[in-house]
1. Pulled fully out, how much extra length does the chain show between residue 247 and residue 352, if you take 0.36 nm times their separation in residues and subtract their Cα-Cα distance?
2. Between residue 489 and residue 327, what FRET efficiency comes out of the Förster formula 1/(1 + (r/R0)^6) with R0 = 35 Å and r the beta carbon distance, rounded to 0.05?
3. Let's test the formula: R0 of 35 Å, r as the Cβ-Cβ distance of residue 448 and residue 5. What FRET efficiency results, to the nearest 0.05?
4. Arrange the following residues from fewest to most other Cβ atoms within 10 Å of their Cβ: 204, 51, 60.
5. Of the peptides 236-249, 401-414, how do they stack up when ordered by the mean number of other Cβ atoms within 10 Å, highest first?
6. I need the calculated FRET efficiency for the pair residue 512 and residue 386, taking r as the beta carbon distance and R₀ as 41 Å, to the nearest 0.05.
7. Would you mind computing, in nm to one decimal, how far apart the modelled labels at residue 34 and residue 283 are, each placed 7 Å from Cα along Cα→Cβ?
8. For residue 86, which sequence-distant residues (separation of 5 or more, or a different chain) have an amide H within less than 5 Å of its own amide H, given hydrogens modelled in the peptide plane?
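Every read-out reported here was derived from the displayed coordinates using simple, explicitly stated rules and does not represent laboratory data. These figures come from a predicted structure and were not determined experimentally. Using ideal geometry, Cβ is built from the backbone for each residue, glycine included, and neighbour counts are taken over all protein chains shown.
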Amino acid sequence: MSVLQQERIVFVGAVLILAAVVLLPFATLVAELAGSLVGGEAGAAFELLGSTRLWGLLGSSLLRAAVVTVAALAVGVPLGLVVARTDTPGRRLALVLHVLPGLLPPYLLALGWFHLFGRQGMLGSEASARLLFGESGAVAVLVLAFAPVATALCVLGVWGMDASLEEAARVVARPPRVLTRIVLPAAAPGVALAALLIFALALSEIGVPMFLRVETYPAAVFARLAGIDYAPGEAVALVLPLALLALGLLAAERRLAASRDYAVLGLRGAARPPLPLGRWRAAAAAGCAVAALLAVAPLVALAGVARAGGGFGELSRWAGGSVTVSLTCAAAAATASVGLGIPLAYALARQRPHARLPDALAVLGFVTPAAVLGVGLIQTWNRASLAWVYGSLAIVVLGFVARYAAVAIRTCASLFASASPHLEESASVAGAGYLRRMRRILIPLHARGLLAAWLLVLAFCLRDLESAVLVYPAGREPLTVRIFTLEANGPEPVVAALACAQVGLVAGVLGLLSILIWKGVRR
């Protein structure tokens, strides 16, 4: 078998698996809708789509996601520039603390702010409670939850820029001008990608709006699958506008990706001398300190409530097997995503024919609201012959892979695109086939980066609520779902302790990621 044939077989196999995971739920939804229309069984389910109140709810959800996106960029981009390219003291610690909430389920932050500013909170009053429980509170919590996405992608975009551009600008311009005229435009592709991701995540979020008593369109879908308004047929109809929106987000991302270099997320510019801020240094340090404080304040509140009420002592009894379930599902999904991502990312980085097709499929899974994916998974796998999938944790893993394979593919693509292909070419001349080059050269050479990709997908899976809450098998819920279901009726100290356990899991992953990134910076 020739080298080209080996590569094609592996690539096609990975594409088919990804297509089955991502497209099968979509295809099932289309078939369900078509069958209802042809058979005249649409009935009340499709009457919902004519409801003025429903479209108003969708409009308010879209507006909320847009406001969160703009505000998160306004917070995250300036902070990313300061952290990535200035001499601000404490910037690295501030970045780690600031990014932590971005890897947590946002409703945990809402719970922490409730213990601070709710009526009975540490700093609470009637006025603070009114602000927290409503649109303003929901937007503020989501901004603090998703601003780290903008910060992280801005930092990576800046670190991936050509150092010669900045060096030339520093000869004739002062640091603030270099930041705004050279560094910021270099980070623009990462910032644009952050905007798409934040909008998609904010639109999918159900935990924060439900906790803060704000109506949202995805929650209406959730109520028809897991609430008192159980009506799966109506849920199928309700996800139609969200599915169309997902296609629109995919089209926007494709336009962005067409002009984007996949090596932009490298670390080649991370070790450049920082730009001195002079008299602005103190203000930048204060901004970093505020960002870090806002990140840890709700987490400290959770720890205080858990400790004061003895929640940590009850942790193991109330957690049950949820921690093990979370780690098992997240690790399995991360392994599968990186395993699929390696051949697909290699083809993308080397600009092979049709390599952008699986990348688009993966992005579609990521930007699709979790409600659409959840309904599609239920309609696809909830059958007697497939009970071995639907009744096991495999259904949760499938949902995670469908949603987060894009994270693995893009991270691996940036690794491969930033590396010279000369070693592979030399091995090819010596007769090494595609699989042997992968096993002996590419994977060992990028082992640290591939581990970082695995940890990143693991963190996304650990924070996931929206996908898991709709499909988890009875009695085997992940920790995020356990906390979510106990929020209303569980003892507050125990719920806070479970939230701290979730923070501990994510903090461990973030710590390992930080070590890998800073080692890459120093190399």
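1. Length gained between residue 247 and residue 352: 35.4 nm.
2. Efficiency computed from Cβ-Cβ geometry: 0.85.
3. 0.70
4. 51, 60, 204
5. 401-414, 236-249
6. Efficiency, from the Cβ-Cβ distance: 0.70.
7. Label-label distance for residue 34 and residue 283, simple model: 5.9 nm.
8. 275
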